[in-house]
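Each remark here refers to the structure printed beneath this line.
Each reported figure results from applying straightforward, stated rules to the coordinates on display, with no laboratory input. It should be emphasised that the depicted structure is a prediction, and the values quoted were computed from it without experimental measurement. We place every Cβ from the backbone using ideal geometry, glycine too, and count neighbours over all the protein chains shown.
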2 protein chains.
Amino acid sequence: MAASAAAVLVRYCLLLLCAAAAAAVAQEVVVPPPHDEESDTVLQSSSSSSNYCLSWRLGAETNNVRGWWTVPAQCCGYIQAYMAGSGQYQRDVDLIVDQIMGHASNVAAGSSSSSDDDGMDAWVLDVDDTCLSNMLYYKTRRSYGCLPYEPLSFRAWASKARSPAIPAVLGLFNYLRDAGFKVFLVTGRDEEALGDATRLNLLRQGFVGYHRLILRTASYRGQSGVVYKSEMRRQVMEEGYRIWGNVGDQWSDLLGHSLGNRTFKLPNPMYFVP
Amino acid sequence: MAASAAAVLVRYCLLLLCAAAAAAVAQEVVVPPPHDEESDTVLQSSSSSSNYCLSWRLGAETNNVRGWWTVPAQCCGYIQAYMAGSGQYQRDVDLIVDQIMGHASNVAAGSSSSSDDDGMDAWVLDVDDTCLSNMLYYKTRRSYGCLPYEPLSFRAWASKARSPAIPAVLGLFNYLRDAGFKVFLVTGRDEEALGDATRLNLLRQGFVGYHRLILRTASYRGQSGVVYKSEMRRQVMEEGYRIWGNVGDQWSDLLGHSLGNRTFKLPNPMYFVP
């Protein structure tokens, strides 16, 4: 019964390969898009499907459900309703950003009373579906996560530099910058392919005055989000920065090492980044 | 702006003290109990209060909302409906236990094919609202979390040794034991005050064959859940056990160090243990 960690890792890799194969097949299949009608009913109804999807969403957001490739088929309408129809996604983001602001203002108040401002107080924010919303892409091209991740079409979308800001997070960003925190934007986007577009998109949306945008360089390609982002934060901390908050929509933004003083998980039931 | 960690800690302690004071006052105030009617409507309605409470519950379950002392007043009916009226709590538990079973069976399958079964594969389960449900106490004495934690009445309840099993978790427990895992039950309950009652309660409810029940001894009194439970797991791991899964209803069961291979968060919107 003493399975080695290596054996479990191999099994996990096999599962990932199977998922990738299934996803490749799935892209050949026409998946019915979620319906377009006003969808409070879908989100709030007490049908067994909605009850299951409410449980599934909680399971995904709490990192109990992992490694999923698409939204479960029976939850396509539910997730559309959650993201776009009912306003619940927006409410969830707003409530969590309120919590973040509370933490940030506590830290700022504590530090403003001290005289040793050395300019090394920092926050880390993710970019995709944290600062910038890809909901329009996921609506039009991925049926709100019912079709699996597709790197080429996502790159085409991101290259347009037209992802809108998530308003509450832009407000948080402005607050952090104005309070004197150094804001590091840490993204898994590829530096070479998407660096210019990402800088332009952030500028267009008002994310101005961040301390550094960290994109994935060639030497980190292929690494998982957890490994890559932990390493980026470690380097920031080794420069002497104190990371007071770390905000992302994926658990891979918030696990690993060098996490900072506190982490915050924004909702995103459309995709899972390992 | 360079706030020291100590300064933030002091501020946090002050907040906790304020919360404790507020709670003491709150106990003098008559809090209206949540209504008793069948409550699918409350849980699923699209009223602004229910929408807020759905966000609050997500925030609490994802550990974004921390340090709360009671359920927000406007969510008392909603949380009652969630826990008891609608069956959604039960469904959430069942879905997460399905995920746990998937992980456990993967580990068991991987390990059964190896020949080096040394009897050191282990799981850690919390007791309160993981193995045993305190929902009846929280219903009758704490208005499903709308009244703050009250140690004396909780001790009186736990002393009766009448907390029912959470059925899905009992099934998980039996599976783990029968698959050859050593199951460690790790609880913050006080050994001296509640050791006998806890053993009796577990026995009555069918939790038979666990490897060890770890209760809080005098030297760990007053420690936070995170510190105490991390230390208990560290000692287990230092004996050579490999912790493959770690299951609890509180984030303080699942944070800190010596976490094990994977953690699982069961739902509990009725109270927060730091």
_Just to be sure I understand: of the beta bridges DSSP finds with both ends in segment B:92-265, what percent are antiparallel, rounded to 5?_
5 percent
*What's the local net charge at A:MET232, with K and R +1, D and E -1, over the other residues with C-beta under 13 Å away?*
0
*Restricting things to alpha carbons, tell me how big segment B:92-265 is in terms of Rg and Dmax, in Å.*
15.9, 53
_Number of partner chain Cβ atoms within 10 Å, mean per residue of B:61-69_ = 6
_Using the Karplus curve 6.51 cos²θ - 1.76 cosθ + 1.60 with θ = phi - 60°, what ³J(HN,Hα) values do you get for each residue of segment A:62-70, in whole Hz, with x for Gly and Pro?_
8, 6, 7, 9, 10, x, 7, 9, 9
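What average number of partner chain Cβ atoms lie no more than 10 Å from the Cβ of the residues making up B:92-100?
4
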_Give me, ordered by chain and number, the residues 5 or more places off B:ARG189 or on other chains with an amide H under 5 Å from its own placed amide H._
B:ARG216
_Need one word for segment A:210-274: rounded, prolate or oblate. Basis is the Cα gyration tensor (sqrt eigenvalues a ≥ b ≥ c); a/c below 1.5 gives rounded, then a/b vs b/c decides._
oblate
*Which far-off residues, 5 or more places away or on another chain, put their amide H under 5 Å from the one on A:GLN205, with H placed in the peptide plane?*
none
*Using DSSP to define loop residues, name the trypsin sites (Lys or Arg not before Pro) in segment B:142-183 whose beta-carbon has at most 14 other beta-carbon atoms within 10 Å.*
B:LYS160
*Hz values of 3J(HN,Hα) by residue in segment A:255-260 - Karplus curve (6.51, -1.76, 1.60), Gly and Pro given as x*: 10, x, 10, 6, 6, x
*At 7 Å along the Cα-to-beta-carbon direction for both B:TYR220 and B:TRP68, put a label point, then send me their distance in nm to one decimal.*
2.7 nm
*Do any of A:LYS139/A:LYS160; A:LYS139/B:LYS265; A:LYS229/A:LYS265; B:LYS139/B:LYS182 go past 26 Å between their Cα atoms, and which?*
A:LYS139/B:LYS265; B:LYS139/B:LYS182
_Binned Cα-Cα distances of segment B:52-139, short to long, each 5 Å bin given as a whole percent_ = 3, 10, 15, 20, 17, 10, 8, 7, 6, 3, 1, 0
*Sequence-distant or interchain residues sharing an amide H contact under 5 Å with A:LYS182, placed H: which?*
A:ASP121, A:ALA122, A:TRP123
